[in-house]
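The values are calculated or read from the model by the stated rules, or taken from the named source; none is laboratory data. This one's a predicted model, so the numbers in the text were calculated from it and none came from an experiment. Don't worry about glycine lacking a Cβ; one is built from the backbone with ideal geometry, like all the others, and counts go over all protein chains shown.
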Amino acid sequence: MPKKPKYQTVRCQFYEWRLIQRKENGVWYADARTTSKNRGRHSLGTRDKEEALEQLAHLDRVVAEERGLVEPSDQHDQHSPLAIADGRKLFDDYNGRPVGLGGTKKSTQKRYRAILDKFEVFAAAKGIEDWQSVKKAVLIAYAKHLEKNGYARKTILGEITLLKTAVKWLIEEGHLSADLIKLPMKKADCERAYCYTSEEVIAILEHCKRSPNLRWLLNAIIGLACTGMRINELCTLKWSDIRFDRQMLTVADESGFANQSDSHRSNKSSQTRHLPLRAELLAVLESLPRTDQYIFHGPRGGRLKSDTVRNVLVREVITPLMKQFPKQFENERGFEDGRLHSFRHYFCSVCANTGIPERITMNWLGHADSEMVRHYYHLNDAESRRKMDQLNLLGGSDGCSATDDEQPMNEE
């Protein structure tokens, strides 16, 4: 019985090719050296067979044009390699256009640059020099690389999605002439920040009160816990944002202002919102000196920085209190995992427990739609509890839930 050939013969539009996969690295290449007119051996630059066949069809056309079999196509120049750095600059410039024309905020541009910087390093290490080589197999390999290096699933999803978006834009703008990358993405359910309990927040506040050096941190924590603000929003809060006569606080977004500069504030939702002032926070505000336009300051009296607040919170508060709030199980999230964003979750949880309408809570937090808000409201869904109580599950006359005062059933 004859041996099965180690290659596949593919008949394209103009020529016949042998499609072969290298054993050492799995990359496909096309070989036409056995014919009377040697057309050489060409790497197809991918480990994915479907993409290899697409590249082979293009190669077949290019070789036919080079040999005068057909007239060069009008789009031939579009196939010239677009270097990773050059394509990335085009995409960066596109994102940096004015916000009014659809450009992204500076914070978003900074995040995009960090993602593309990381991909450039990966591409260089793998010998990927141009965007024509960024195919499905490359993105899968990059996702595996990120996973191996400990990146969270949601982070990986965001980075791969941005790369797909960049390729799509380069194609739509005529910088690439290729098919879109068909790589379905499943939305990631990210691990939520730890949510402090009321007992833990009280312990944090009392710990800060006992140390004069942590008075500045106490003020910041009260601000976070009483508003649900993000730490960057708290750091940039100004005295002009407070209406003492109406006891209202404004979280401003100034991204739409003329004469854009770094001093103009923006928030994640790009929407200005207003919150009533709690008495506890009002007392803090009335006690603070007005040394400059900003309300909250760091340990040495300078501008409050989120990194400083986070580092001091973990080192001076969370770590000393860890023994007071130990984990019940080894792999569960607990008090020691709490961070600044945990105060935002705490605020949302208290709103849900208190029965504040969900829409009001979302307005306070600056969310048009929020899985985080829905999560805490589902945990405290009174109507859901009432419906559960109506069920007759184990043969009793009436249903009862674990929150009822009924004694648990004992087996005979």
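A few notes on this one:
- When Arg11, Arg33, Arg41 are checked against the criterion of being surrounded by fewer than 18 Cβ atoms within 10 Å (Cβ to Cβ), in contact with a strand residue (DSSP E or B) (Cβ under 9 Å, 6 or more places away or on another chain) and either within 19 Å of Ser177 (Cα to Cα) or at pLDDT 85 or above (or both), a single residue qualifies: Arg11.
- Checking segment 253-269 against the condition returns no match, with no residue being modelled with pLDDT of 90 or more and surrounded by 20 or more Cβ atoms within 10 Å (Cβ to Cβ).
- Whichever residue in segment 221-242 is part of a helix (DSSP H, G or I) and of a type in the set (Gly, Ala, Ser) and, among such residues, is farthest from His207 (Cα to Cα): Ser240
- Of all residues in segment 96-127 being surrounded by 15 or more Cβ atoms within 10 Å (Cβ to Cβ) and hydroxyl-bearing (Ser, Thr, Tyr), the one that is nearest to Ile84 (Cα to Cα): Tyr112
- Test: residue in segment 185-197 that is in a loop (DSSP other than H, G, I, E, B), at pLDDT 90 or above and touching a Phe, Trp or Tyr at 6+ places or on another chain (Cβ under 7 Å): yes
- Any chance Arg303 is in contact with a His (Cβ under 9 Å, 6 or more places away or on another chain) and surrounded by fewer than 15 Cβ atoms within 10 Å (Cβ to Cβ): yes
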